[in-house]
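One structure coming up, written as structure tokens, with questions to follow.
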Amino acid sequence: MRVVPDTSAPGAQAAPLAQTPPSGLSSTEVAERRSRGLTNADPEHTSRSVAHILRANILTRFNLILGVLLAVILAVGEPQDALFGIVLVANALIGIAQELRAKLTLDRLAVLSAPRVRVIRDGTPREIAAGELVSGDLVTVRPGDQLVADGVVRGSTGLQADESLLTGESEPVAKQAGTRLLSGSFVVAGGGDYQATGVGAEAYARKLAAEARRFTLVRSELIEGINRILRYVTWAIPPVAVLLIVTQLHSHENVRDTVAGTVAALVGMVPQGLVLLTSIAFGVAAVTLARRQVLVQQLPAVEGLARVDVVCLDKTGTLTDGNVEFDSLIPLGDGALAGAALGALADDENRNATLAAIGQAFPPPDGWARQAAVPFSSARKWSAASFAGHGAWVLGAPELVLPGDQELLAQAAGLAATGRRVLVLARAPGPLEEESLPADLRAVALILLAERLRPDAAETIAYFTSQGVTLKVISGDSPRTVGAVAARAGVPHADEPVDARQLPDDPGALGQLLEERSVFGRVTPHQKQAMVKALQARGHTVAMTGDGVNDVLALKLADIGIAMGSGAPATRAVAELVLLDGRFATLPGVVAEGRRVTANIERVANLFITKTVWATLLAVAVGVLLLPYPFLPRHLTIIDTLTIGIPSFFLALGPNPRRYVPGFTGRVLRFAIPAGTIVAAATFAAFAVADALGLPLVQQRTAATLVALLLGLCVLVLQAWPLTWRRIVLVSAVLGGFVLLFPVRAVRNFYGLEVPRDVLGETLLIGALGIAAMLGFWVIYRRRGRKPAAVARE
């Protein structure tokens, strides 16, 4: 028995591996290798584990701070002041429940879209899940397949692999028998079989697809911005705590009041629900998209969707339904053998969709023995084969197969303008020479293929156009064919298609052309990458859709890669989003969901950080002036719950069409710091007036609570603007909830409230002046924010 070395990783010195026979492994051998753990089982999952979810929602820095404060208040304070503990526990439980719900949904979808491989076992070909592959399995691969394990080629029929995702080298590599294959690469041409040698953790690129599918709050501007703000708050807490302890000891006669004042100030500084709501918003978005048959493989894709202003899309499978059908054959000269030649060319187990459509119209002829073949690739845009006694036959794009035949090219261009795909069948008497076109080629026939426009394509195009999203149709087909189909779908400027063979190499000139034109034909995979880079260099956020192996590199490079569920496994592995139902019409809803989530996160962040700002400023002010803190913890629980906690859940999950633009942290701070300063000044003024008139501390704090609540409601209204009837009901319910705290004495006593009748007019006047100041600030803020370069379009 011949042995081959295990070359699953560069430089690896593995023990020799017995060669698997052509019949593949037996069931006994498969079971034995499973028992030894030599499987391709993936330890990574689309979602976080239950343990990870519990840790992420419970063991947070602010939960630790609030937990310590809760323990202190329970030890020496009054139970009513521990109400924030209920919010603390509720936040954790809600976050856990939402993530578990998202986990179940995404895990279920991940199983549906999980890669599958074709293996030979017990002499029979079968399809299995990638995780069921074992070391030594004989795997069959075709164009578009992504390799899920390392291995050694056993048989090759023009097999070419693209290893650019691993090595950065963009040129396909020919794979002959005995050469190695690496997991993470994908087949771009030809086919063959290989013996799996490196499976599971031993695979060279084991984590490539897993990293793309992981459900986690990974890097994004929203998350980074929120974390940056939370770090600022964390740094501010220790010095403020020291200042307050000293101040409250000076202001109060007993430890209980000192603890209550200090805890109230520190609790007020903590934006308790901000991280929770961010996590919930992303999780709900993932679940919502899952219901629409969209698998979110990278959670930041939800944020990226909101920023998208350019969508690059392919014609086949996106504007059209992806089903290629033979239309007609136009003989040229001696075309008697055209039908037989087409049948022979299509008689290939590794044929693509085009040859499959031709094969349905032309059955394999008798007596045509294939001698050599050059498989189709997106770079050369032709395929060829030679047959004993019949010469060499080439099928491909007319302008690339016979570039000098002007009469043929003019005829093909006229046919392409009708929206049909045009191929030329050419013959040469000599043999094939590696991957070069044979000499003395003569055109034998033109083959017309038809594709059906998706019935919802025009409506989808109209949506993107109305939303200010630019569309770029990028295809490998003839520019005239692509232009005709794009025009039928309603793509703007589709009447000026560009032949990609004439595209400039200079990125700047390419970017300028991309700004001016919308339809591009005869685009190679490398040009797709260059086009994405050129658009990104001009400040665009680019989404790329695709379903073919020629789209993989551009999908990986784009800000958001969107793969069709029916597309090649390699495209689904590298994309951030997978449209499981393959419907182009799903995209508007996907983009709208991204906009809704990110715009709403910014809204609720403004609420939370504004409250953190005014609570911090009040703590510093009373600390410097040696005054009691204006609130008890229970007062802040009232304000938090009514003006932030309950409303923010509705705002975070409500509709919002605004497109997100970079600068989240700056915008939040530009709103929160002035708004928080106004709230702090008005609240302190009400507290100081009541104190100057010698009112009891309970009335002073009630006055401060009244003003803080009024201005908190004002901030809520500004963030909820424009007011819909649902938002009006929400604000009215919040205000009604606060009013209902006063009629019943037991409730007033529980929350430590007593209406300051002697200064009620002054208190309400201060509140009104604070609201006027807030509205004035809002007008200035909105005017500055309306500068075109500074704010997103509503």
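The values are calculated or read from the model by the stated rules, or taken from the named source; none is laboratory data. Keep in mind that this is a model prediction, so the values were computed, not measured. Neighbour counts are summed over all protein chains in view; Cβ atoms, including those assigned to glycine, are modelled from backbone coordinates with ideal geometry. SASA here: full protein model, heavy atoms, side chains in, ligands and nucleic acids out. Shrake-Rupley method; radii C 1.70, N 1.55, O 1.52, S 1.80 Å.
From the residues in the stretch 444-456 that are more than 18 Å from Glu399 (Cβ to Cβ) and part of a strand (DSSP E or B), which one is farthest from the chain's Cα centre (by Cα)?
My answer is Ala450.
On to the next question. For the stretch 646-673, which positions are surrounded by 19 or more Cβ atoms within 10 Å (Cβ to Cβ), at pLDDT below 80 and among the charged types (D, E, K, R)?
Once the filter is applied, which keeps residues that are surrounded by 19 or more Cβ atoms within 10 Å (Cβ to Cβ), at pLDDT below 80 and among the charged types (D, E, K, R), the stretch 646-673 yields only Arg659.
Since Val498 meets every condition but one in (1) touching a strand residue (DSSP E or B) at 6+ places or on another chain (Cβ under 6 Å); (2) open to solvent by 10 Å² or more (accessible area, probe 1.4 Å); (3) under 19 Å from Arg454 (Cβ atoms), which condition does it not meet?
(3)
Only one of these is in contact (Cβ under 8 Å) with a residue 12 or more places away in the chain and within 20 Å of Gly225 (Cα to Cα): Ala573, Ala599, Ala585. Name it.
Sole residue among the options that is in contact (Cβ under 8 Å) with a residue 12 or more places away in the chain and within 20 Å of Gly225 (Cα to Cα): Ala599.
If I go through the stretch 294-327 residue by residue, how many of them are among the polar types (S, T, N, Q), modelled with pLDDT under 80 and touching a helix residue (DSSP H, G or I) at 6+ places or on another chain (Cβ under 7 Å)?
Result for the stretch 294-327: 3.
Has the stretch 458-465 got any residue that is out of contact with any Pro (no Cβ under 6 Å at 6 or more places or on another chain), in contact (Cβ under 8 Å) with a residue 60 or more places away in the chain, among the small types (Gly, Ala, Ser) and surrounded by fewer than 20 Cβ atoms within 10 Å (Cβ to Cβ)?
Checked against the condition, which is being out of contact with any Pro (no Cβ under 6 Å at 6 or more places or on another chain), in contact (Cβ under 8 Å) with a residue 60 or more places away in the chain, among the small types (Gly, Ala, Ser) and surrounded by fewer than 20 Cβ atoms within 10 Å (Cβ to Cβ), the stretch 458-465 yields no hits at all.
Then there is this: Given the residues Thr598, Thr643, Thr683, Thr586, which is the only one that is crowded, with 23+ Cβ neighbours inside 10 Å, within 30 Å of Glu459 (Cα to Cα) and polar (S, T, N, Q)?
Selected residue: Thr598, the only one of Thr598, Thr643, Thr683, Thr586 that is crowded, with 23+ Cβ neighbours inside 10 Å, within 30 Å of Glu459 (Cα to Cα) and polar (S, T, N, Q).
Listed here are the residues, each with its yes/no results for (1) of a type in the set (Gly, Ala, Ser); (2) part of a helix (DSSP H, G or I); (3) in contact with a Gly (Cβ under 6 Å, 6 or more places away or on another chain); (4) at pLDDT 85 or above.
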site: Glu754; (1), (2), (3), (4): no, no, no, no
site: Gly761; (1), (2), (3), (4): yes, yes, no, yes
site: Ala768; (1), (2), (3), (4): yes, yes, no, yes
site: Ile780; (1), (2), (3), (4): no, yes, no, yes
site: Arg783; (1), (2), (3), (4): no, yes, no, no
site: Ala790; (1), (2), (3), (4): yes, no, no, no
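Assess whether Ser475 counts as being out of contact with any Ser or Thr (no Cβ under 6 Å at 6 or more places or on another chain), open to solvent by 30 Å² or more (accessible area, probe 1.4 Å) and among the polar types (S, T, N, Q).
Here the answer is no, as Ser475 does not meet what is asked.
Okay, residues lined up against (1) part of a helix (DSSP H, G or I); (2) touching a Phe, Trp or Tyr at 6+ places or on another chain (Cβ under 8 Å); (3) modelled with pLDDT under 90:
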| residue | (1), (2), (3) |
| --- | --- |
| Thr677 | yes, yes, no |
| Ala688 | yes, no, yes |
| Gly694 | no, no, yes |
| Gln699 | yes, no, yes |
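Of Leu555, Leu514, which residue is part of a helix (DSSP H, G or I), free of Cβ contacts under 8 Å to residues at least 40 places away in the same chain and more than 30 Å from Leu711 (Cα to Cα)?
It is Leu555.
Conditions (1) within 26 Å of the chain's Cα centre (by Cα); (2) among the aromatic types (Phe, Trp, Tyr); (3) under 22 Å from Leu555 (Cα atoms), marked per residue:
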site: Val473; (1), (2), (3): yes, no, yes
site: Ser478; (1), (2), (3): no, no, yes
site: Ala487; (1), (2), (3): no, no, no
site: Asp495; (1), (2), (3): no, no, no
site: Ala509; (1), (2), (3): no, no, no
site: Glu515; (1), (2), (3): yes, no, yes
site: Phe520; (1), (2), (3): yes, yes, yes
site: His526; (1), (2), (3): yes, no, yes
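A follow-up question, please. When you scan the stretch 326-443 for helices (runs of 4 or more DSSP H) that lie fully inside it, which ones turn up with 1 or more residues that are open to solvent by 60 Å² or more (accessible area, probe 1.4 Å) and in contact with an Asp or Glu (Cβ under 9 Å, 6 or more places away or on another chain)?
353-361
Considering Leu741, Leu730, which residue is touching a Phe, Trp or Tyr at 6+ places or on another chain (Cβ under 7 Å), farther than 17 Å from Leu607 by Cα and modelled with pLDDT under 85?
Result of the check over Leu741, Leu730: Leu741.
Let me ask you something else. Does Val259 satisfy the criteria of being at pLDDT 75 or above, open to solvent by 20 Å² or more (accessible area, probe 1.4 Å) and in a helix (DSSP H, G or I)?
Spelling it out, it is not the case that Val259 is at pLDDT 75 or above, open to solvent by 20 Å² or more (accessible area, probe 1.4 Å) and in a helix (DSSP H, G or I).
Another one. Within the stretch 1-55, restricting attention to residues that are hydroxyl-bearing (Ser, Thr, Tyr) and modelled with pLDDT of 75 or more, which residue is farthest from Glu202 (Cα to Cα)?
Residue satisfying both the conditions and the ranking: Ser23.
Thr318 passes all but one of (1) open to solvent by less than 40 Å² (accessible area, probe 1.4 Å); (2) closer than 30 Å to Ile601 by Cα; which number fails?
With (1) open to solvent by less than 40 Å² (accessible area, probe 1.4 Å); (2) closer than 30 Å to Ile601 by Cα applied to Thr318, the lone miss is (2).
Still on this structure: From the residues in the stretch 114-163 that are touching a strand residue (DSSP E or B) at 6+ places or on another chain (Cβ under 8 Å) and among the hydroxyl-bearing types (Ser, Thr, Tyr), which one is least open to solvent (accessible area, probe 1.4 Å)?
Filtering the stretch 114-163 for residues that are touching a strand residue (DSSP E or B) at 6+ places or on another chain (Cβ under 8 Å) and among the hydroxyl-bearing types (Ser, Thr, Tyr), the one least open to solvent (accessible area, probe 1.4 Å) comes out as Ser135.
Does Asp506 satisfy being charged (D, E, K, R) and touching a helix residue (DSSP H, G or I) at 6+ places or on another chain (Cβ under 7 Å)?
It is false that Asp506 is charged (D, E, K, R) and touching a helix residue (DSSP H, G or I) at 6+ places or on another chain (Cβ under 7 Å).
Please verify whether Trp725 is open to solvent by 50 Å² or more (accessible area, probe 1.4 Å) and under 16 Å from Leu607 (Cα atoms), treating the condition exactly as stated. Give the derivation first.
On the way: open to solvent by 50 Å² or more (accessible area, probe 1.4 Å): yes; under 16 Å from Leu607 (Cα atoms): no.
So Trp725 fails the test.
I'd like the full set of residues that are surrounded by fewer than 22 Cβ atoms within 10 Å (Cβ to Cβ) and either part of a helix (DSSP H, G or I) or modelled with pLDDT of 80 or more (or both), limited to the stretch 607-626.
The answer is Thr616, Leu617, Val620, Ala621, Val624, Leu625.
Can you tell me which of (1) in contact with a helix residue (DSSP H, G or I) (Cβ under 8 Å, 6 or more places away or on another chain); (2) farther than 19 Å from Thr616 by Cα is the one Thr705 doesn't meet?
Of everything listed in (1) in contact with a helix residue (DSSP H, G or I) (Cβ under 8 Å, 6 or more places away or on another chain); (2) farther than 19 Å from Thr616 by Cα, Thr705 misses just condition (2).
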